[in-house]
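See below for the structure under consideration.
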Amino acid sequence: ATTNFALANVTTNFALALATAATNFGLAFATATTNFALSLATAATNFATATATAATNFALALATATTNFALANVTTNFALALATAATNFGLAFATATTNFA
């Protein structure tokens, strides 16, 4: 009876140790899998955020460059129109002065 009790006790302890090890392994595996999934999701989110930021920055830079080019074009056209008007006025004045003389 003592031997059988001792054997039963050893068997129970072994079964408990095995169940504990299996549980610990399952928990560790689940934790690692969860951490990997969270890391992957974080990396994907960070990549999407960086991509969106880069796209936004590019669009802003393009819009700024386009606006600056348009403003420079308008300024140039205004300067040319002003110079042309001044030249035409000068020619008309010189012609009128000549004709008067």
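Can you list residue pairs whose Cβ atoms sit under 7 Å apart, with the first residue in the range 31-54 being open to solvent by 70 Å² or more (accessible area, probe 1.4 Å) and the second being modelled with pLDDT of 95 or more and of a type outside the set (S, T, N, Q)? Count only pairs 6 or more apart in sequence or on different chains. Nothing qualifies. Scan the range 55-79 for residues that are open to solvent by 90 Å² or more (accessible area, probe 1.4 Å) and under 17 Å from the mean Cα position of the chain (by Cα) and jot them down. Answer for the range 55-79, where residues must be open to solvent by 90 Å² or more (accessible area, probe 1.4 Å) and under 17 Å from the mean Cα position of the chain (by Cα): 58, 60, 62.
The values are calculated or read from the model by the stated rules, or taken from the named source; none is laboratory data. All values derive from a computational prediction rather than experimental measurement. Cβ: placed from backbone, ideal geometry, glycine included. Neighbour counts: every protein chain shown. Areas reflect the complete protein model, heavy atoms only, side chains present, ligands, DNA and RNA absent. Shrake-Rupley method; radii C 1.70, N 1.55, O 1.52, S 1.80 Å.
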